[in-house]
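What follows is a short report on a single structure.
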Amino acid sequence: MISRYCPIINKKVFDFFLSKQFTKFFKSSPTHFLFLDLINDNFKKINQFFAENKIDYQIFYSQKANRSQQILRKIKNLGKIGVECSSQEELRMALNENFLGDEIICQGPKNEKYLKESIKAGSIIAVNSINELKKLIQSKKRLKIFIRLGQLKISGYEDQLTRFGIDEKDLNEAINLIKKSQIHLIGFSFHLDTTNDDLKREYLKKALNIAITLIKNGVFLEAINIGGGWRPQYVSKETWIKFNQNIAELILEKQFKYLWKDYSFGYRLKNNRLIGEGNFFPYFSEEIDNQLKKIFDFEIFKDNAMHIIRDLNIKIFLESGRYLLNQVGHTLASVIEVGQKLNFNYLIADLKATDISSQIDIIYDPILIKKDKMINKEKFIGFIFGNTCLEDDLIFKRQIVLNKKPKEGDYLLFVNTGAYKMGISETPFISLKIPERIFIEDDLS
């Protein structure tokens, strides 16, 4: 039941760390390594789907996935790509890399300064509320906007709540305000805090229906922004199934010694039955083309959705952070101590849990890189703790398995941390520095 859950890792990246090339750059623990050329491969895979289906499109990099300016610089050189910003500071970073006008979408709630800078930059503004729309109209500028769709009436998803966007009940008010103004509505957008492709499809279907109704009434729309949430494969399908089965079995059989303080990953035991579902991010996912096919797979007015989109000459905008940064970022930390408590083995790594994780648990194990080549067949099964004085500075809420027992001075490689994991929760707690970022821009050949 206690297994090792191996991550997928790019072979060239793996060889880089196994060959100890990293020691030229590794000055302090932890260090984030970012292999920027790998962005190219991810970008090409998204492009391929739209090219094969003959749909006009534009990709926007979701800058919030990683705050590194160097990534923006790399993205700029890819060609047909823009940037999605979620703050005034992100907008300034994009402008500093010479992204301009239609190459920038400004998302999210906007304070006065962010709104003014979005207008000044001539960016496309995704309007988040009626109040925000009225402020834009008062600017007397001819702005390009998306209406961000909020709560929609969709059968089977009545409990799906979002605090963002303009709800369906308020759409007529928004459209009427726009008709009387100088604002240029280019289309609708949505970004859902879900990995549910079915719900994304329902939002796209609704957006297309509304767009067609408006076009029939003389309001021409140019684009629909289908947002982000595109997922890479962090682990194999077999690993993903095994992890889910094993966690369920541990909880059912009350093997709580393997779980930190009876942590249940979202499951509950009731009358010796397991209820609920695991609150994990889907670390295994279909390839990007299948994810996209799934949300475009519906009929509208007795015709295929892709045909309608092509016939109406509607451009599809897509935002991507996690997928564009797949395999780009990896985090290396030193082992401080390996020991044993009364009930468990432990390893202390020279990093904070917040350096590589957010609210979501990482389900796959790190890779142990030994400092020497001494043969050690003894396995390690235990908890990995961070280097602060907090009880909850825990890297994984379950015991992990390493095929060899680590010792002080060895390294742990945390794989595929480039999107969100290495930035969303970083903090200089107890005056520890934010981890250094090392950018490697060759192809590792």
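The values are calculated or read from the model by the stated rules, or taken from the named source; none is laboratory data. Not measured: the values here are computed from a predicted model. Here the Cβ positions follow ideal geometry from the backbone for every residue, glycine too, while neighbour counts run over all protein chains shown. Side chains included, ligands, DNA and RNA excluded: accessible areas come from the protein's heavy atoms. Shrake-Rupley method; radii C 1.70, N 1.55, O 1.52, S 1.80 Å.
Go through segment 320-339 and give me each residue that's within 19 Å of K405 (Cα to Cα) and either free of Cβ contacts under 8 Å to residues at least 40 places away in the same chain or among the charged types (D, E, K, R) (or both).
So in segment 320-339, the residues within 19 Å of K405 (Cα to Cα) come out as 332-339.
Hits for segment 320-339 are E337, G339.
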Worksheet item: Going through segment 10-51 one residue at a time, which ones are among the hydrophobic types (A, V, I, L, M, F, W, C), open to solvent by 10 Å² or more (accessible area, probe 1.4 Å) and closer than 15 Å to W230 by Cα?
Response: F43
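Could you tell me whether segment 52-64 includes any residue that is closer than 18 Å to I440 by Cβ, open to solvent by less than 40 Å² (accessible area, probe 1.4 Å), at pLDDT 95 or above and not acidic (D, E)?
no
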Worksheet, complete the sentence: Counted residues in segment 329-350 being at pLDDT 95 or above and either of a type in the set (D, E, K, R) or part of a loop (DSSP other than H, G, I, E, B) (or both) come to 2
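Residue-wise test of (1) out of contact with any strand residue (DSSP E or B) (no Cβ under 6 Å at 6 or more places or on another chain); (2) open to solvent by less than 30 Å² (accessible area, probe 1.4 Å).
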| site | (1), (2) |
| --- | --- |
| S118 | no, yes |
| E132 | yes, yes |
| K141 | yes, no |
| F146 | no, yes |
| G150 | no, yes |
| K153 | yes, no |
| G156 | yes, no |
| K169 | yes, no |
| L177 | yes, no |
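Going residue by residue through segment 237-259, is there one that turns out to be part of a strand (DSSP E or B), touching a strand residue (DSSP E or B) at 6+ places or on another chain (Cβ under 6 Å), farther than 26 Å from L347 by Cβ and aliphatic (A, V, I, L, M)? Spell out the reasoning first.
Quick first cut of segment 237-259, residues part of a strand (DSSP E or B) only: 259.
Of the ones still in play, those that are also touching a strand residue (DSSP E or B) at 6+ places or on another chain (Cβ under 6 Å) are 259.
Filter once more, keeping what is farther than 26 Å from L347 by Cβ: none.
For segment 237-259, residues part of a strand (DSSP E or B), touching a strand residue (DSSP E or B) at 6+ places or on another chain (Cβ under 6 Å), farther than 26 Å from L347 by Cβ and aliphatic (A, V, I, L, M): absent.
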Response to the item:
Flagged in segment 251-294 as among the aromatic types (F, W, Y), open to solvent by less than 50 Å² (accessible area, probe 1.4 Å) and more than 24 Å from R231 (Cα to Cα), in numbering order, are W260
Worksheet entry | Failed condition for F280, given (1) in a helix (DSSP H, G or I); (2) touching a residue at least 40 places away in the same chain (Cβ under 8 Å); (3) among the hydrophobic types (A, V, I, L, M, F, W, C) | (1)
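Among the candidates F396, F439, F383, single out the residue that is in a loop (DSSP other than H, G, I, E, B), at pLDDT 85 or above, touching a helix residue (DSSP H, G or I) at 6+ places or on another chain (Cβ under 9 Å) and among the aromatic types (F, W, Y). Outline the logic, then answer.
Values: F439 fails: in a loop (DSSP other than H, G, I, E, B); F383 fails: in a loop (DSSP other than H, G, I, E, B).
When all the criteria are applied, what remains is F396.
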Worksheet, complete the sentence: Exactly one of E168, E173, E132, E117 is modelled with pLDDT under 95 and more than 30 Å from E287 (Cα to Cα), and that residue is E168
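When you scan segment 104-140, how many residues do you find that are assigned to a loop (DSSP other than H, G, I, E, B), under 21 Å from D167 (Cβ atoms) and over 23 Å from the mean Cα position of the chain (by Cα)? Let's see the steps before the verdict.
Here is the first cut: in segment 104-140, the residues assigned to a loop (DSSP other than H, G, I, E, B) are 107-111, 122-123, 128-129, 139-140.
Add one more test, that the residue is under 21 Å from D167 (Cβ atoms), and what stays is 107-110, 128-129.
Right, trim to over 23 Å from the mean Cα position of the chain (by Cα) and you get 129.
Going through segment 104-140 one residue at a time, the tally reaches 1.
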